[in-house]
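J.: Quick one: the structure is below, questions incoming.
The values are calculated or read from the model by the stated rules, or taken from the named source; none is laboratory data. Just so you know, these numbers come straight off a predicted model, no measurement behind them. Every residue, glycine among them, receives a Cβ derived from its backbone with ideal geometry; neighbour counts consider all protein chains shown.
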Amino acid sequence: MKTAVADHVTKVDESNGMVNIYTDLTGELGSSDGDTAKLIVSAATDWATQEHKPLAEGAGLITVYNANGAILSNGNY
């Protein structure tokens, strides 16, 4: 499952407690691709908490974008 989700990631940018993840997913919020994006946020939360500590707990933001640049999902870490 992790590999299948990770295969959709095309680019990751991180700075100042923000992680932007770009994917090849084509759906929108509420679609099955949105569900996949939630899995990407969940996996990225574990990674970002260790590698890119925000200034305060819960202050970091992870955003996942679809292939057209629209937000699919986001979450704090």
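J.: What single numbered condition from (1) surrounded by 13 or more Cβ atoms within 10 Å (Cβ to Cβ); (2) at pLDDT 90 or above; (3) not in a strand (DSSP E or B) fails to hold for residue 45?
T.: Failed condition: (2).
J.: Okay, moving on. Just to be sure I understand the filter: pairs with C-beta atoms under 7 Å, separated by 6 or more residues or on different chains, first member in region 34-45 and farther than 14 Å from residue 10 by Cβ, second member part of a helix (DSSP H, G or I) and not aliphatic (A, V, I, L, M). Which pairs pass?
T.: Between residues of region 34-45 that are farther than 14 Å from residue 10 by Cβ and residues that are part of a helix (DSSP H, G or I) and not aliphatic (A, V, I, L, M), the close pairs are 43/2.
J.: Can you report the number of residues in region 15-41 which are farther than 13 Å from residue 67 by Cβ and either among the hydroxyl-bearing types (Ser, Thr, Tyr) or more than 11 Å from the chain's Cα centre (by Cα) (or both)?
T.: Looking only at that region, the number is 7.
J.: Sticking with this structure for a sec: Tally the residues that are surrounded by 13 or more Cβ atoms within 10 Å (Cβ to Cβ), farther than 16 Å from residue 47 by Cβ and modelled with pLDDT under 90, restricting the search to region 1-30.
T.: Residues that pass the stated criteria total 1.
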